[in-house]
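Encoded as structure tokens, the structure appears first; notes follow it.
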Amino acid sequence: MQFRPILVATGLLLAGCATTPSPATVDARAELAPTAGNFATGTVTFTQRGDRVLVAAQVRGLTPGPHGFHLHEKGDCSSGDGMSAGGHFNPTGKPHGDPRGGDHHTGDMPMLVADATGNAILSTELTGMSIGSGAGDIVGKAVIVHKDADDFKTQPTGNSGARVACGVVAKS
């Protein structure tokens, strides 16, 4: 019977751990599907971390090299060319730019860079967006992968070319 207090304490400790939420849960995700004539597919997850959102993307079926990668204003991937997703998500009215510094759309994200086999992986933290509330809410917006690199200068799109994949952000 001397071990009973230890067993009770251990049980309480384990019960407390079972109810503690994971610090890195997926709050939203987009499943990317190719637009007409393209082959890009993948998954993009979004995790709220205070005033930042962790974006993790895995995309395959791209041509090797850099590709523009943005959140667009409408969660609509119904058109064959992805144009139904509208323009870049820009609730603050900023010019298009590099999300790593300076003014930029809320929907501007770092480029995806595909390796020689067409696979791209990206993990980045961004500010200005949120999951489920506020002007920067990305739920219901579309994630678009473009054919070409983003020059982060040309307005309003970065001269990123055609849309090769589209997926709608849904809260998990």
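One table, with the values for the structure above:
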{"item": "For segment 30-172, size of Cβ-based charge dipole, Lys and Arg +1, Asp and Glu -1, in debye", "result": "160 debye"}
{"item": "Label-point gap, in nm, between GLU125 and PHE39 - each point 7 angstrom along Cα→Cβ", "result": "3.7 nm"}
{"item": "Under 20 Å from the LYS171 label point (7 Å along Cα→beta-carbon), backbone N, segment 140-157", "result": "140-143"}
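FYI, it's all coordinate maths here, none of it is from the lab. Note that this is a predicted model, so its numbers are computed, not measured. Cβ coordinates were reconstructed from backbone atoms using ideal geometry, including for glycine residues, and neighbour counts include every protein chain displayed.
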